[in-house]
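Computed from the coordinates by the stated procedures, all read-outs in this text should not be read as laboratory data. Treat the numbers as computed from the prediction; the structure is a model and nothing was measured. Virtual Cβ from ideal backbone geometry, glycine too; neighbours counted across all protein chains shown.
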Amino acid sequence: MADLLIEIICEEIPARMQPRAMADLQRMMLTRLDDAGLSHGSAHGFVAPRHLALYVDDVAERQPDINEERRGPRADAPDKAIEGFLKSTGLTRGQLVEEDTPKGRFLFARIEKKGVAAATLLPAMVCGVLAEFPWPKSQRWGGTRFRWVRPLHRVNLLFGGAPLAGELDLGGASLAFTAASRGHYFESPQDIDLVGLTNAGDYVARLRAGHVMVDRTERRQAILDGATDLAARAGSVLRANEALIDEICGLVEWPTPLFGAIEDRFMALPDEVLEASIRTHQKYLTTGSADGALQPGFVVISNRLADPERDAVILAGNQRVLRARLADAEFFWQEDGQSRLESQVPRLADVTFYEGLGSVGDKVARLEKLAGLMAPSVAGCDAEMAVGAARLAKADLVTGMVGEFPELQGIMGGYYARNDGEADAVADAIAAHYRPQGPSDALPASPEGCVVSLADKIDSLVGFFGVGAKPTGSKDPFALRRAALGIIRIILEARIRMPLLPVLAGAATAHGFAAADPELEPFIRERLRVSLRDAGLAHDVVAAALGDGTGPGHDDILGLADRAAALSIFLAGDDGAGLVAGWRRAASILEAEESKAKQVFSPTSDPHLFVEDVETGLHAALTALPEPGTQMQTRDELVAVMQSLGGLRQPIDRFFDSVVVNHDDAAIRLNRLGLLAMVRQAMQRVADFSRLEG
């Protein structure tokens with residue numbers, strides 16, 4: 001057994017690609033080791049801005065020898081059959097063995113294949129991995145044809161602590177394997193000898209000595225611990241943003257945190273503006289008080305060794321850059337505040353929304369109509385406030401602040417509306433109408449915010465589908481899948497009972513379309529299916545609840561989701577499982593008889609033709625079932641309806657135990673088939689039980 005190290009050194013790998021690259025290198029290399037029959041121990045992945053490495057413990061030093069016996073044709077088989085067998089084994093006729101078997105005398109090939117040394121196989125394996133590496137984006141450089149995320153500098157390959165010879169074909173040039181890593185650009189630019197490595201920890205220690213923290217977990221923790229300590233010493237609390245820490249981790253090899261101050265005058269700016277300037281644009285970590293309020297301090301992560309004199313210069317430079325950006329934000333904040341938000345609305349007519357969909361001003365007019373249409377369906381929503389918020393929702397797009405910080409659209413509109421004296425309901429709805437922007441994002445907190453958000457997303461879906469700009473495969477440039485999922489989340493979490501088709505029709509009319517694209521409702525239903533599956537519901541339960549998209553309530557998102565949840569609860573009980581078994585028996589008989597008769601049996605039955613008491617009992621149980629009307633809106637009510645179906649279990653079981661459906665008397669037979677059709681109809685009104693599996 002010997003340890004394997006693969007290290008790739010290149011120019012800076014984008015921070016967002018580093019974790020995936022580390023996982024891909026490990027996955028692809030271990031797959032090749034397994035396919036080659038080379039056993040191995042644990043694998044350790046490492047990544048830093050310029051380093052990508054994999055260390056594998058205890059790799060077998062050669063493949064195992066293979067002894068294979070293959071039976072061929074009969075000994076007296078035609079020559080062509082024997083020649084085909086020889087060709088498949090690579091042997092000659094004299095190397096075959098004849099043996100008697102219970103089925104006769106056959107030819108056998110005994111093949112002995114010696115295992116190849118791992119040191120011979122590994123260079124080609126590594127070249128194959130690098131050639132097929134799945135970077136999201138890659139490039140060529142110089143006169144070569146090889147593609148990598150950034151220009152390659154070195155490939156180090158060591159086995160048992162010793163370098164392996166080989167080279168990577170770059171297509172027009174080659175890159176010979178080496179055994180020397182590189183240290184930090186400025187602090188330790190010399191080579192780091194890797195010969196004689198004993199374990200993964202030794203590799204990490206050698207690069208650490210060259211001021212490269214190649215272990216991503218160690219580097220990330222160093223950033224977090226250092227920043228937290230600096231904030232605490234300044235009397236603040238670090239406002240740790242996990243995504244930003246991950247990004248910074250991918251930008252530095254030797255993190256050194258420095259604490260800077262924000263001038264008091266800038267603290268009058270909205271927190272979101274400060275956050276956008278400090279965190280999003282400058283990649284600094286912000287600090288807050290114990291109660292979470294933003295504090296006038298930030299942490300910048302330097303990529304150098306700590307040096308008081310140099311750190312002061314670095315910090316002064318960063319503070320100077322931040323001061324200029326905050327001064328710009330301050331200017332825009334003051335300049336925008338001189339005009340009412342309402343006065344910006346006419347300017348939206350000059351901003352194109354999308355070809356064929358008019359201007360942003362046109363979109364605003366559509367949002368007002370949609371908000372007025374949907375407001376009555378949302379409990380607690382003030383229709384006038386919702387329409388007012390829809391009118392002002394996009395006005396901040398033409399303000400100076402949003403022009404400089406596009407990520408603040410909506411948020412700044414909320415501030416400007418509040419400063420203009422608009423009602424809190426209007427300002428809050430404007431600020432939150434882009435939410436949710438992802439699965440972890442919060443919903444608008446107010447009913448008016450939910451209405452404006454729904455209007456915005458539905459308008460976009462209807463519009464883009466209407467002009468043919470639909471998602472295709474993995475491409476969704478206008479984030480329409482995310483918009484559909486946002487609609488579903490708002491409806492489900494805010495529990496909005498609202499038929500979707502009239503809203504889509506209203507949006508289509510506002511666009512000037514004859515009707516909404518027929519593919520749009522199935523598109524939203526499919527997103528609902530995915531959402532329910534992600535929530536843990538079985539795929540067949542979801543299929544049964546959603547049906548074929550044509551029954552009553554098929555466009556009621558909340559009703560469909562509640563039906564799926566209620567069905568899942570019902571089927572988990574004994575009555576549910578037993579009833580489904582009886583359903584399958586009834587459905588199977590009906591399917592067979594309807595196929596023979598070439599007709600669908602009507603769900604009616606004449607009690608005067610009942611012969612057995614169990615027929616009367618089943619009929620009474622069916623007629624006693626409540627109608628699943630539109631008033632059954634809650635999940636609990638739907639569960640109650642399904643539990644009432646559970647009362648059919650025993651009557652159905654007794655019916656099949658005592659009755660032969662195919663009675664000699666044709667009238668009795670048809671009457672019993674009609675009774676089973678009543679069972680089918682009663683259950684299908686609740687869910688499509690035919691879609692349940694198992």
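As an exercise, identify the GluC sites (Glu not before Pro) in segment 204-294 lying in DSSP coil whose Cβ has no more than 16 other Cβ atoms within 10 Å. Mind dumping the intermediate values first?
On the way: sites: GLU218, GLU242, GLU247, GLU253, GLU263, GLU272, GLU275; in loops: GLU253, GLU263.
In loop regions of segment 204-294 (DSSP not H, G, I, E or B), the sparsely surrounded GluC sites (Glu not before Pro) are GLU263.
What is the fewest-to-most order of VAL299, VAL641 by other Cβ atoms lying within 10 Å of their Cβ? Mind dumping the intermediate values first?
Details: VAL299 25, VAL641 19.
Exposure proxy ranking, most exposed first: VAL641, VAL299.
Output the pairs from LYS283/LYS475; LYS363/LYS470; LYS137/LYS475; LYS369/LYS475 with a Cα-Cα distance over 23 Å in this structure; if there are none, say none.
Working: LYS283/LYS475 29 Å; LYS363/LYS470 18 Å; LYS137/LYS475 16 Å; LYS369/LYS475 30 Å.
Too far apart for the 23 Å limit: LYS283/LYS475; LYS369/LYS475.
With N denoting the number of residues in segment 453-505, provide Rg(C-alpha) divided by 2.2 N^0.38 Å, to two decimal places.
Numbers: Rg = 11.5 Å, N = 53, 2.2 N^0.38 = 9.9 Å.
Scaled against compact globular proteins, the figure is 1.16.
DSSP loop chymotrypsin sites (Phe, Trp or Tyr not before Pro) in segment 305-399 with at most 10 other Cβ atoms within 10 Å of their Cβ, which ones?
Working: sites: PHE331, PHE332, TRP333, PHE353, TYR354; in loops: PHE353, TYR354.
Hits after loop and neighbour filter: nothing returned.
What are the extents of the Cα atoms of segment 26-107 along their three principal axes, in Å, largest first?
That gives 67, 22, 21 Å along the principal axes, largest extent first.
Once phi is turned into ³J(HN,Hα) by the Karplus curve 6.51 cos²θ - 1.76 cosθ + 1.60 with θ = phi - 60°, what whole-Hz value does each residue of segment 320-330 show in order, with x for glycine and proline?
With coefficients 6.51, -1.76 and 1.60, one gets 5, 5, 5, 4, 5, 5, 5, 5, 4, 4, 4 Hz.
With loop defined by DSSP as not H, G, I, E or B, and exposure as at most 11 other Cβ atoms within 10 Å, which is the longest segment of the chain clear of exposed trypsin sites (Lys or Arg not before Pro)? Before the final figure, lay out the partial values.
Numbers: sites that count: LYS103, LYS114, LYS137, ARG145, LYS598.
Value returned for the longest uninterrupted segment is 146-597.
Work out, step by step, the length gained on full extension between ALA535 and ARG74: first 0.36 nm times the residue separation, then minus their alpha carbon distance; give nm to one decimal.
Answer, rounded to one decimal: 160.0 nm.
Can you compute the FRET efficiency between THR352 and ALA293 using 1/(1 + (r/R0)^6), with r the Cβ-Cβ distance and R0 = 51 Å? Round to the nearest 0.05.
0.80
Count the net charge of all other residues whose Cβ sits under 11 Å from the Cβ of GLY292, scoring Lys and Arg as +1 and Asp and Glu as -1.
Details: positive: ARG239; negative: ASP271, ASP291.
So the surrounding residues net to -1.
With charges set only on the Cβ (+1 for Lys and Arg, -1 for Asp and Glu), what does the dipole of the chain come to about its Cα centre, in debye to the nearest 20?
So the dipole magnitude of the chain works out to roughly 1660 debye.
FRET efficiency for MET1 and THR31, Cβ-Cβ distance as r, R0 = 25 Å, nearest 0.05?
Values: r = 20 Å, r/R0 = 0.78.
With a Förster radius of 25 Å, E is 0.80.
Using only the C-alpha atoms of segment 296-438, find the volume of their convex hull and express it per residue in Å³. Don't jump to the answer; show the numbers that get you there.
Working: hull volume 24.2 nm³, N = 143.
Once divided by residue count, the hull of segment 296-438 is 170 Å³.
At what distance in nm do the modelled label points of VAL195 and THR120 sit from each other, each positioned 7 Å from its Cα along Cα→Cβ?
Each label point is offset 7 Å from its Cα along the Cβ direction, giving 2.5 nm.
Starting from the 7 Å offset along Cα-to-Cβ, what nm value, one decimal, do you get for the label separation of SER658 and ASP613?
Spacing of the two 7 Å Cα→Cβ label points: 0.6 nm.
Tally Lys and Arg at +1 and Asp and Glu at -1 over the other residues with C-beta under 10 Å from the C-beta of ALA2: what net charge comes out? Before the final figure, lay out the partial values.
Numbers: positive: none; negative: ASP3, ASP57, ASP58, GLU61.
Result for the neighbourhood of ALA2: -4.
Could you please report the charge total around PHE106, scoring K, R as +1 and D, E as -1 over all other residues with beta-carbon less than 15 angstrom from its beta-carbon?
Details: positive: ARG70, ARG71, ARG74, ARG93, LYS103, ARG105, ARG110; negative: GLU69, ASP76, GLU98, GLU99, ASP100.
Local net charge: +2.
Which of ILE278, ALA243, LEU52 sits farthest toward the positive end of the charge dipole of the chain, with +1 on the Cβ of Lys and Arg and -1 on the Cβ of Asp and Glu?
Of the candidates, LEU52 comes out farthest on the positive side.
Return the inverse of the average 1/r over all pairs of distinct C-alpha atoms in segment 568-691, which is the Kirkwood hydrodynamic radius, in Å to one decimal.
Final number for the Kirkwood radius of segment 568-691 is 14.9 Å.
Out of every Cα pair in segment 216-330, what percent are spaced more than 16 Å from each other? List each step's numbers first, then the result.
Working: 3712 of 6555 pairs.
Here the long-distance tail beyond 16 Å is 57 percent of all Cα pairs in segment 216-330.
How large is the Kirkwood hydrodynamic radius of segment 156-200, in angstrom, based on all distinct alpha carbon pairs?
Values: mean 1/r = 0.0843 Å⁻¹.
Kirkwood hydrodynamic radius for segment 156-200: 11.9 Å.
State the extension gain, in nm to one decimal, for the chain segment bounded by LYS596 and ALA173, taking 0.36 nm per residue of separation less the distance between their alpha-carbons. List each step's numbers first, then the result.
Numbers: separation 423, 0.36 × 423 = 152.28 nm, distance 7.39 nm.
Additional length available on full extension: 144.9 nm.
Run the numbers for ASP665 and ALA312: contour at 0.36 nm per residue of separation, minus the present Cα-Cα distance, in nm. Don't skip to the end; give the middle numbers.
Values: separation 353, 0.36 × 353 = 127.08 nm, distance 10.19 nm.
Gain on stretching ASP665 to ALA312: 116.9 nm.
For segment 148-222, how big is Rg over Rh, using alpha carbon atoms and the Kirkwood form of Rh? Let's see the in-between values first.
Working: Rg = 13.7 Å, Rh = 13.6 Å.
My calculation puts Rg/Rh at 1.00.
Please report ILE301, ILE66 as a ranked list, fewest other C-beta atoms within 10 angstrom at the top and most at the bottom. Please report the intermediate quantities before stating the final value.
Values: ILE301 21, ILE66 11.
Lowest to highest Cβ neighbour count: ILE66, ILE301.
Run the dipole for segment 313-433 about the Cα centre, Lys and Arg Cβ at +1, Asp and Glu Cβ at -1, nothing else charged, and hand back the magnitude in debye, nearest 20. Before the final figure, lay out each step's value.
Numbers: 11 positive and 18 negative charges, 47 e Å.
About 220 debye.
Of ALA666, PHE405, PRO123, which is farthest towards the positive pole of the chain's charge dipole, taken about the Cα centre with +1 and -1 on the beta-carbons of Lys, Arg and Asp, Glu respectively?
The Cα lying farthest towards the positive end belongs to PRO123.
Mind ranking 40-48, 605-613, 658-666 by how tightly packed they are, going by the mean number of other C-beta atoms within 10 angstrom, highest first? All intermediate terms of the calculation are to be shown ahead of the outcome.
Working: 40-48: 19.3, 605-613: 14.2, 658-666: 12.4.
Most protected by this proxy first, the peptides run 40-48, 605-613, 658-666.
How big, on average over all directions, is the shadow cast by the Cα convex hull of segment 341-535, in nm²? Kindly include the intermediate steps, with their values, before the conclusion.
Working: hull surface 42.0 nm².
Mean projected area for segment 341-535: 10.5 nm², to one decimal.
On the principal axes of its Cα set, how long, how wide and how thick is segment 421-566? Give whole Å, largest value first.
Taking max minus min along each principal axis of the Cα atoms, segment 421-566 gives 52, 34, 31 Å.
With a point put 7 Å past each Cα toward its Cβ, work out how far ALA479 is from TYR185 in nm, to one decimal.
With each label placed 7 Å out from Cα toward Cβ, I get 3.2 nm.
Does a label point 7 Å from the Cα of GLU493, set along Cα-to-beta-carbon, have any residues of segment 403-439 with amide nitrogen under 15 Å, and which are they?
Under cut-off, by backbone N: 432-439.
Can you sort ASP193, ASP575 so the residue with the fewest Cβ neighbours within 10 Å comes first?
ASP193, ASP575
What does the charge dipole of segment 568-691 about its Cα centre add up to, to the nearest 20 debye, if the Cβ of each Lys and Arg holds +1 and the Cβ of each Asp and Glu holds -1? All intermediate terms of the calculation are to be shown ahead of the outcome.
Working: 12 positive and 17 negative charges, 81 e Å.
So the dipole magnitude of segment 568-691 works out to roughly 380 debye.
With all distinct Cα pairs included, what does the Kirkwood hydrodynamic radius of the chain come out to in Å, to one decimal, could you say? Can you show the working numbers first?
Numbers: mean 1/r = 0.0311 Å⁻¹.
It works out to 32.1 Å.
R0 = 35 Å: FRET efficiency of ASP225 with ARG685, Cβ-based, nearest 0.05? Let's see the in-between values first.
Details: r = 61 Å, r/R0 = 1.74.
The pair ASP225/ARG685 has a calculated efficiency of 0.05.
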